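Undergrad: I have a structure I would like to understand better, so I am pasting it below and will then ask my questions one at a time.
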Amino acid sequence: MQKPKHSVVEDIFALVSAGLFVAFGVYLFQSQDLMVGGAAGLALLGTYALPVDFGVLFFLINVPFYALAWTHISKRFTINTFISVSTVSVLTDLIPRFVDVSSANPVFTAIFGGILIGVGMLIMFRHTSSLGGLGILAFYLQQRFSIRAGTFQLSVDTVILLSSLLVLDWRLVLMSVLAAFCLNMVLSLNHRPERYTLPSLSKQDDKLPGAGEAS
């Protein structure tokens, strides 16, 4: 049976909502100097070495991965991911103007921030999108080789978090590990290849760049 498709409006609303989840999670991490994995983690590491805002770095890091999405996944996935990444890039820099969580408990921040980002990424995956960067690679590996996105992300996040020891106190890194665990548990438990798959990795959806598969 052909799976029903999300409408363009449903996709856009879901991706913007997911971007808000992720952006707020990243903001929570930034407020406590915690680290996150994936392309967002690379961007956060970059802010320690370069005088560039997170949103700008996050957007630039994702640019090369769009080629993989465009040629090996689908144009729709690429466009939806571009929307997701752009939303996170913009909202992450805007949220501090409206919210101040500088006094939040670090443990709560790690757990809640990790879950927020995980839920945001899950929504993106369900709407044929990702958080870009390594998320694109994780999505591709899951669809092509049935490698769980959560397992792959956890492995990459471990390398990024270990690298953050060069710029962060070990206690903050430990809290970041807790956050990464919560994030990847959301993905591992809720986004499994035998449950949520694309019909194929061809360009079957190029004619509907804004529509997504319901999962």
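The values are calculated or read from the model by the stated rules, or taken from the named source; none is laboratory data. Everything numeric in this text was worked out from a predicted model, so none of it was measured. Cβ: placed from backbone, ideal geometry, glycine included. Neighbour counts: every protein chain shown. With ligands, DNA and RNA removed, areas are computed over all heavy atoms of the protein, side chains included. Shrake-Rupley method; radii C 1.70, N 1.55, O 1.52, S 1.80 Å.
Undergrad: Where does each of 126, 148, 76 land when they are ordered by accessible area, with a 1.4 Å probe and the largest first?
TA: Listed by decreasing accessible area, they come as 148, 126, 76.
Undergrad: Go ahead and estimate [θ] at 222 nm for the chain from helices alone: -39,500 (n - 2.57) per DSSP H run with n ≥ 4, summed, over the residue count, rounded to 500.
TA: Counting only the DSSP helices, I get -22000 deg cm²/dmol.
Undergrad: Right, something else. Heavy atoms of the protein only, probe of 1.4 Å, neighbouring chains included. What is the accessible area of residue 127 in Å², nearest 10?
TA: Residue 127 exposes around 20 Å² with every protein chain in place.
Undergrad: Same structure again: Which percent of the accessible area of the chain is formed by carbon and sulfur heavy atoms (probe 1.4 angstrom)?
TA: 69 percent
Undergrad: May I ask you to compute the full-extension gain from residue 90 to residue 163, defined as 0.36 nm times their residue separation minus their alpha-carbon distance, rounded to one decimal in nm?
TA: Difference between extended and current length: 23.7 nm.
Undergrad: Want the number for residue 100 to residue 47: 0.36 nm per residue separation, take away the alpha-carbon distance, what's left?
TA: Using 0.36 nm per residue and subtracting the Cα-Cα distance, I get 17.1 nm.
Undergrad: Membrane-span-like helices in the chain: DSSP H runs reaching 24 Å or more (Cα, own axis), mean Kyte hydropathy at least -1.0?
TA: Membrane-span-like by this criterion, though nothing is claimed about a membrane: 8-31, 75-94, 106-126, 170-190.
Undergrad: Using only the alpha carbons of the chain, determine the length spanned along each of the three principal axes and report them from longest to shortest in whole angstroms.
TA: The principal-axis extents, from largest down, are 51, 32, 28 Å.
Undergrad: Here is a follow-up. Sorted by mean Cβ packing within 10 Å, highest first, what order do the peptides 107-119, 91-103 take?
TA: Ranking the peptides 107-119, 91-103 by packing returns 107-119, 91-103.
Undergrad: How would the stretch 31-101 be classified by its alpha-carbon gyration tensor: rounded, prolate or oblate, with rounded meaning a/c under 1.5 and the a/b versus b/c comparison settling the rest?
TA: It is prolate, given that a/c is not under 1.5 and a/b is the larger ratio.
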